[in-house]
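Participant: Here's a structure for you.
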Amino acid sequence: MYKEKKVSVVLPTYNEKDSIRKAIQDLYATGLVDEVVVINNNAKKGTDEEVKQTPATLVYEKKQGLGWATRKGFQEATGDLIILSEPDGTYVARDIEKLLVFSDDFDVVFGTRTTRALIWKGANMGLFLKWGNWFVAKLVEVLYGTPHLSDVGCTMRLLRKSALKKIQLYFQGGHNIFNVQILLLVALKKLKFTEVPVNYKGREGGKGFTENKWRAFKLGLIMIAYLLKTRMLSWLGRYP
């Protein structure tokens, strides 16, 4: 609970069996989280057993993809303040307090992983990813007229329930750049948002999607094409 507001955390999971129980426990240990909703998105065998050893709510999403899992989690979460994160050990649970503090003044609070002092040894945030995220973020700033942005790929973020309702009807698909779709909808709907630095650590378990530089590069190109297309459709009055 935060200032009489119920706090929910949404955790999509696919390949985090070895880290998910600790991630959930750390969230509850903050004393701020009322509900953790875990979305099993065809997750690795044994994940359910790990989750069931915690107070978290376990739900299932058969459609593959981070976006589909996130959408399912948003539907299931009952909090007034909804935080999206990942259970792979890359994020630090105590950082949710930063998001909550800024939620007093903003509809949406995005995390950024580009602050050098908070990038841990072993984190997948080398120059290629750091400056790639920064470049796409600046492109969003210019095209969408947003406040300062430095990271379009950070999963950790907070949305007020009231803000989520304003963009939820316009969600499309469940692709890997769904988090970018959320950012663009927030910008297009003129919701008040800011960005705060969060810790970023090395992933526990198998490699993440963007640890392959070629895949990360292709994802970046897809992001750029998507934000250009979305901006054009918005100018034409066709979206959202």
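Participant: Quick one: order ILE167, ILE83 by neighbouring beta-carbon count within 10 Å, fewest to most.
Facilitator: ILE167, ILE83
Participant: Given DSSP loops and a limit of at most 14 other Cβ atoms within 10 Å, what is the longest stretch of the chain that contains no such chymotrypsin sites (Phe, Trp or Tyr not before Pro)? List each step's numbers first, then the result.
Facilitator: Working: sites that count: TRP120, TYR170.
The segment 1-119 is the longest one with no such site.
Participant: Among ALA163, VAL196, VAL180, whose Cα lies farthest out toward the positive end of the dipole of the chain, if unit charges sit on the beta carbon of Lys, Arg (+1) and Asp, Glu (-1)?
Facilitator: Of ALA163, VAL196, VAL180, it is VAL180.
Participant: Once you place label points 7 Å from the Cα toward the Cβ at ALA29 and ALA117, how far apart are they in nm?
Facilitator: 2.4 nm
Participant: If the limit is 23 Å between Cα atoms, which of LYS98/LYS201; LYS3/LYS98; LYS6/LYS98; LYS22/LYS166; LYS44/LYS72; LYS17/LYS166 go over it?
Facilitator: Those over the limit are LYS22/LYS166; LYS17/LYS166.
Participant: Can you check what the Kirkwood hydrodynamic radius comes to for segment 66-107, Cα pairs only, in Å to one decimal?
Facilitator: It works out to 11.8 Å.
Participant: Can you give the relative contact order of segment 7-235 as a percent, counting alpha carbon pairs under 8 Å and 6+ residues apart? Display every interim value, and only then the final one.
Facilitator: Values: 432 pairs, mean separation 56.1, N = 229.
That works out to 25 percent.
Participant: Would you mind calculating the gained length between LEU127 and HIS175 on full extension (0.36 nm times residue separation, minus the Cα-Cα distance), in nm to one decimal? Mind showing how you got there, number by number?
Facilitator: Working: separation 48, 0.36 × 48 = 17.28 nm, distance 2.50 nm.
Full extension of this stretch gives 14.8 nm more.
Participant: Evaluate Rg over Rh across segment 1-120, taking Cα atoms for both radii and Kirkwood's formula for Rh.
Facilitator: Taking Rg over the Kirkwood Rh, I get 0.95.
Participant: For TYR239 and ASP48, calculate 0.36 nm times their separation in residues minus their Cα-Cα distance, and state this gained length in nm to one decimal.
Facilitator: Values: separation 191, 0.36 × 191 = 68.76 nm, distance 3.80 nm.
Result: 65.0 nm gained on full extension.
Participant: Mind checking the dipole of segment 1-142: about its Cα centre, +1 per Lys or Arg Cβ, -1 per Asp or Glu Cβ, Debye to the nearest 20?
Facilitator: The dipole magnitude comes to about 520 debye.
Participant: Using +1 on the beta carbon of Lys and Arg, -1 on that of Asp and Glu, and nothing else charged, what's the dipole of segment 72-137 about the Cα centre, debye to 20? Each step should come with its number before you reach the end.
Facilitator: Working: 7 positive and 9 negative charges, 108 e Å.
The dipole of segment 72-137 has a size of about 520 debye.
Participant: Say each of SER162 and ALA225 gets a label point 7 Å from the Cα, pointing the same way as Cα to Cβ; how far apart are those two points in nm?
Facilitator: In this crude spin-label approximation the distance works out to 3.9 nm.
Participant: Restricting to the chain, what percent of DSSP beta bridges are antiparallel, rounded to 5? Each step should come with its number before you reach the end.
Facilitator: Working: 8 of 28 bridges.
Expressed as a percentage, antiparallel bridges in the chain total about 30.
Participant: In nm, what is the difference between 0.36 nm times the number of residues separating THR78 and VAL142 and their Cα-Cα distance? Don't skip to the end; give the middle numbers.
Facilitator: Numbers: separation 64, 0.36 × 64 = 23.04 nm, distance 3.47 nm.
In short, 19.6 nm is gained.
Participant: Note the per residue figure in Å³ for the convex hull of the C-alpha positions in segment 7-235. Write out the running numbers ahead of the final one.
Facilitator: Values: hull volume 25.7 nm³, N = 229.
For segment 7-235, the hull spanned by Cα atoms encloses 112 Å³ per residue.
Participant: Normalise the Cα radius of gyration of segment 122-208 by 2.2 N^0.38 Å (N = residues in it) and let me know the number. Show your work: numbers first, answer last.
Facilitator: Details: Rg = 13.9 Å, N = 87, 2.2 N^0.38 = 12.0 Å.
That works out to 1.16 for segment 122-208.
Every number in this text was worked out from the coordinates using simple rules, so none of it is lab data. All of these numbers come straight from a predicted model, not from anything done at the bench. Please note: Cβ atoms are built from the backbone with ideal geometry, for glycine as well, and neighbour counts cover all protein chains shown.
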